[in-house]
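Shown next, in structure tokens, is the structure this report addresses.
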Amino acid sequence: MILEAILYASSGFFMKFSDDALDTENNTLLGVISGLICVAGIGYLSVNFPDAATIFLAILMGTLFSGKVDKLGHIVTLVIFLAILVIFGLPSIGLGALIICTLAAWVDEVGNDRESLKGKKIVETFFNYRFTMKIVVLALALLGAFYPVQFQGFQPVTFIYFILFDLSYELAGLKFNRIYDGIKGIYGVIV
């Protein structure tokens, strides 16, 4: 339980750090390194826990369908994540939950980039913080808690893990420049 929480949180942090290294600094090396750390965490979680497999496959497919897997670092981590799943196996996951989560991830990605939504404070905040996926994960956790036999929902603790993932993702985004500048000051050659 503690390991899962740590891996969700660290994966969220390194996913965002990798994205920002690739997208804002155009630093492929640092993006790939932090992406590999992220993939190690989500790979372990996805191989061992069906809820994690559903969430992370959905995030992968949602970003793929929205066209956001567009840098070498993204492609490298995607291939390694899929290789981990092929080599170590995927637990049994619910197709319905995977489809719903994938749609939610896609809606969040598309909504986050939609220029026509900029300036509409509530809608912009909703998509900036990717609330569609949070709502879907909460709904699946509640279904899993109250109707475990009828629906293949998530374990209730999965929502807490997902919030840890997301808070760490946001923290990395807020502190990226400071961390990046610190790394650049120490390891100026690689960054």
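Every number here is computed from the coordinates shown, using simple stated rules; none is lab data. Bear in mind that the values here come from a model prediction, so they are computed numbers and not experimental data. All Cβ positions, glycine included, derive from the backbone under ideal geometry; neighbour counts span all protein chains shown.
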³J(HN,Hα), Karplus 6.51/-1.76/1.60, whole Hz, each residue of segment 24-34, x for Gly, Pro: 9, 9, 6, 9, 5, 4, 5, x, 5, 4, 5
Under 22 Å from LYS118, Cα to Cα: lysines that are on another chain or at least 8 residues apart: LYS16, LYS68, LYS134
Net lengthening on full extension, LYS118/ALA83 (0.36 nm per residue, minus Cα-Cα): 8.8 nm
Descending Cα extents along the principal axes, segment 23-78, whole Å: 34, 24, 15
Mean-position separation - Cα centroids, segment 19-74 and segment 118-136, in angstrom: 21 Å
Neighbour-count ranking [beta-carbon atoms within 10 angstrom, fewest first] of TYR169, TYR147: TYR147, TYR169
Convex hull volume per residue in cubic angstrom - Cα atoms of segment 2-186: 120 Å³
Neighbour-count order for ARG114, ARG130, fewest beta carbons within 10 angstrom listed first: ARG114, ARG130
From phi via Karplus (6.51, -1.76, 1.60), per-residue ³J(HN,Hα) for segment 44-60 in Hz, x at Gly/Pro: 4, 4, 5, 6, 9, 9, x, 5, 5, 4, 4, 4, 6, 5, 5, 4, 4
Nearest 10 degrees, 0 to 90: helix 156-186 Cα axis against the chain principal axis: 0 degrees
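At 37 °C and a viscosity of 0.692 mPa s, what translational diffusion coefficient does Stokes-Einstein give for segment 1-106, taking Rh as the Kirkwood radius over Cα pairs? Give it in µm²/s as a whole number. If you can, show how the numbers build up before the last one.
Numbers: Rh = 13.8 Å.
D = 239 µm²/s.
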